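For reference, the structure is listed below as structure tokens.
The values are calculated or read from the model by the stated rules, or taken from the named source; none is laboratory data. Just so we're clear, the structure is a prediction, and the values are computed from it rather than from any experiment. Cβ placement follows ideal geometry from the backbone for every residue including glycine, while neighbour counts extend to all protein chains displayed.
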């Protein structure tokens, strides 16, 4: 014979089960939250990496990237051009993009790729486009664009960022505006 619980009993039982589950979950979370401290205390001291095992790199701040992008936009606006500017870090990751008023939709992706290309080879994309004559397969590398408009930003001759501009009617103008952005950082 099957016994049926009253509604009140079912609610009370359900509440008790929920409370037990919540208490168990909280206890687990609390135990896990303190586990790293216990593990660190119990583990032997880790060896510290020597200077020959590490490197230090320089990166642009978001403020510096913004300053560079605004300088490029200002230079383009002076000449009546509508552009998009992208600034990428040393690893080619986008720090920021700024699309000027009226810039075409294609300019966003082009600016990012130009910035990536410039920082990857520490050269302007105009210079790199010239290298395609000797190494045409360079253009097959994903994420690159070998059109004028990308310039590297360096510190101690090492590339730390790339600025890409797209949207002007020529790569020469795009590169001129990207260079204005890079010069704003000096």
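General observations
- Taken over the stretch 70-100, residues that are under 30 Å from residue 56 (Cβ atoms), out of contact with any strand residue (DSSP E or B) (no Cβ under 7 Å at 6 or more places or on another chain) and surrounded by 20 or more Cβ atoms within 10 Å (Cβ to Cβ) amount to 1.
- Matching option when the condition is under 30 Å from residue 155 (Cβ atoms), surrounded by 19 or more Cβ atoms within 10 Å (Cβ to Cβ), touching a helix residue (DSSP H, G or I) at 6+ places or on another chain (Cβ under 6 Å) and at pLDDT 95 or above, among 103, 111, 118: 118
- Looking only at residues in the stretch 158-170 that are over 13 Å from residue 75 (Cβ atoms) and under 22 Å from the mean Cα position of the chain (by Cα), the one that is surrounded by the most Cβ atoms within 10 Å (Cβ to Cβ) is 164.
- Scope the stretch 48-84; condition more than 17 Å from residue 186 (Cβ to Cβ) and not in a loop (DSSP other than H, G, I, E, B); matching residues: 51, 52, 53, 62, 73, 76, 77, 78, 84
- Tally of residues being touching a helix residue (DSSP H, G or I) at 6+ places or on another chain (Cβ under 8 Å), surrounded by fewer than 18 Cβ atoms within 10 Å (Cβ to Cβ) and either outside the structural domain of residue 164 (by TED's automatic domain parsing) or part of a helix (DSSP H, G or I) (or both) across the stretch 122-151: 2
- Taken across the stretch 66-77, residues that are outside the structural domain of residue 170 (by TED's automatic domain parsing) and modelled with pLDDT of 50 or more do not occur at all.
- Boolean, residue 173 is at pLDDT below 95 and surrounded by 14 or more Cβ atoms within 10 Å (Cβ to Cβ): no
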